[in-house]
1. Which condition does Ala154 not pass, out of (1) under 21 Å from Leu223 (Cβ atoms); (2) within 16 Å of the ligand (Cβ to nearest atom); (3) not aromatic (Phe, Trp, Tyr), if it passes all the others?
2. Does His161 satisfy the criteria of being out of contact with any helix residue (DSSP H, G or I) (no Cβ under 7 Å at 6 or more places or on another chain), in a strand (DSSP E or B) and either crowded, with 24+ Cβ neighbours inside 10 Å or free of Cβ contacts under 8 Å to residues at least 12 places away in the same chain (or both)?
3. If you go through region 24-37, how many residues are open to solvent by less than 70 Å² (accessible area, probe 1.4 Å) and farther than 16 Å from Ile284 by Cα?
4. Condition test on Ala321, is it among the small types (Gly, Ala, Ser), away from the ligand (no atom under 16 Å from the Cβ) and open to solvent by 10 Å² or more (accessible area, probe 1.4 Å)?
5. Going by the structure shown, is Ala274 open to solvent by less than 10 Å² (accessible area, probe 1.4 Å) and either free of Cβ contacts under 8 Å to residues at least 40 places away in the same chain or over 18 Å from the mean Cα position of the chain (by Cα) (or both)?
6. Do we have any residue at all in region 292-310 that's over 21 Å from Arg30 (Cα atoms) and away from the ligand (no atom under 16 Å from the Cβ)?
7. Kindly list the number of the only condition in (1) surrounded by fewer than 20 Cβ atoms within 10 Å (Cβ to Cβ); (2) within 23 Å of Glu314 (Cα to Cα) that fails for Ile253.
8. Quick one: would you say Thr260 is closer than 17 Å to Gly213 by Cα and away from the ligand (no atom under 16 Å from the Cβ)?
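The values are calculated or read from the model by the stated rules, or taken from the named source; none is laboratory data. A quick note: this is a predicted structure, and the numbers were derived from the prediction, not measured. For neighbour counting, all protein chains shown are included, and Cβ atoms are generated from backbone atoms with ideal geometry for every residue, glycine included. Remember, those area values only see protein heavy atoms, side chains included, never the ligands or the DNA or RNA. Shrake-Rupley method; radii C 1.70, N 1.55, O 1.52, S 1.80 Å.
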Amino acid sequence: MRFGYSETCLDHETGSRHPESPDRLRAIKRGLTDAHGVEYVDPALLSLDRITAVHDEEYVDSFETFCDAGGGNWDADTVASQESWDAALASASLGEWVAHEALAGASGRETPFSLGRPPGHHAVGDDAMGFCFFNNAAVAAQSAIDNGDAERVAIFDWDVHHGNGIQDIFYEQGNVFYASIHEDGLYPGSGDIYETGEGEGEGTTLNIPFDPGTTTAAYLLALDELIGPAIEAFDPDLFLISAGFDPHEHDPISRIRVSTEGFGCLTAAVREIADDADAALGFILEGGYGLDTLSDSVRKVHEVFDGYDPVAPEESVDEEARDLIEAVKEQGFDGV
Ligand SMILES: [Zn+2]
């Protein structure tokens, strides 16, 4: 794969006990050291109007001022340092680069994946939240539309937390489809199946809140029966994956149980959806807090694009997960 990477993203300091640390990126890079076919790209910084296309100027200004003054606790768990402004700009730039690369034709072994931090999917239009300052995936999607490179963009968010920020930013917008699989009951508490979009965005939000303990097989069933058909019907030009690796079975902060091999299966499934929808495909890093599980899982995604054929799990899908998938279908997401 072609990985977007900027040293500037290491400068966002969150303190020695914060799970969202620069060591996450170091671990991913270490895990890819001897992998075949890895390429790193450090793209140019985006212009600020890409950020203000999805975030209020007043919020963006206050975040810059906050960092200039040395940073601190923005809220209970969202921490900034002086360098966080530059890191957040770099992270958003990597997101925009993914959209641009994918739409310019980078696919197969050249599929783009941004390794940015801070992550983005909790950041709403006028506030930082949940370790996130700029909504990297939203910036990427809106940039592609504003450039005229894409008419419609779909985002599938497999981070274990609901990407409330992406949902919120595009909730009333008909040209961005947002689908999320997340663990029910976790932060931030949104992502109910009845949240399906409003106005022009009605029917362009799809939430699948699985119970703790749900495994890879249920994710694959949801992709096959819900997300794939819905995205093919939406017919996007660009398909972005908000790739968080905290649904991993050994991640310290969640109870969903996707295996490392499972992330390979998810990757193969989203690649097939992109192919079927004839959409450009790119990945944007979100969360993932076990350093080994994070690096192993990113490597697994890469290996799938390098020719590895992941092994589907033999486990069966539990009844709660099946019932939830049926309930979501009743919200109108039957792919027709
Ligand atoms: Zn997360």
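1. Among (1) under 21 Å from Leu223 (Cβ atoms); (2) within 16 Å of the ligand (Cβ to nearest atom); (3) not aromatic (Phe, Trp, Tyr), the lone unmet condition for Ala154 is (2).
2. Working: out of contact with any helix residue (DSSP H, G or I) (no Cβ under 7 Å at 6 or more places or on another chain): yes; in a strand (DSSP E or B): no; either crowded, with 24+ Cβ neighbours inside 10 Å or free of Cβ contacts under 8 Å to residues at least 12 places away in the same chain (or both): yes.
Judged against the criteria, His161 is not a match.
3. The initial filter retains those residues of region 24-37 that are open to solvent by less than 70 Å² (accessible area, probe 1.4 Å), namely 24-25, 27-29, 31-32, 35, 37.
If we keep only those that are farther than 16 Å from Ile284 by Cα too, we end up with 27, 31-32, 35, 37.
Residues flagged as open to solvent by less than 70 Å² (accessible area, probe 1.4 Å) and farther than 16 Å from Ile284 by Cα within region 24-37 amount to 5.
4. Spelling it out, it is not the case that Ala321 is among the small types (Gly, Ala, Ser), away from the ligand (no atom under 16 Å from the Cβ) and open to solvent by 10 Å² or more (accessible area, probe 1.4 Å).
5. Numbers: open to solvent by less than 10 Å² (accessible area, probe 1.4 Å): yes; either free of Cβ contacts under 8 Å to residues at least 40 places away in the same chain or over 18 Å from the mean Cα position of the chain (by Cα) (or both): yes.
Answer is yes for this residue.
6. The answer is yes; a qualifying residue exists.
7. (2)
8. Yes.
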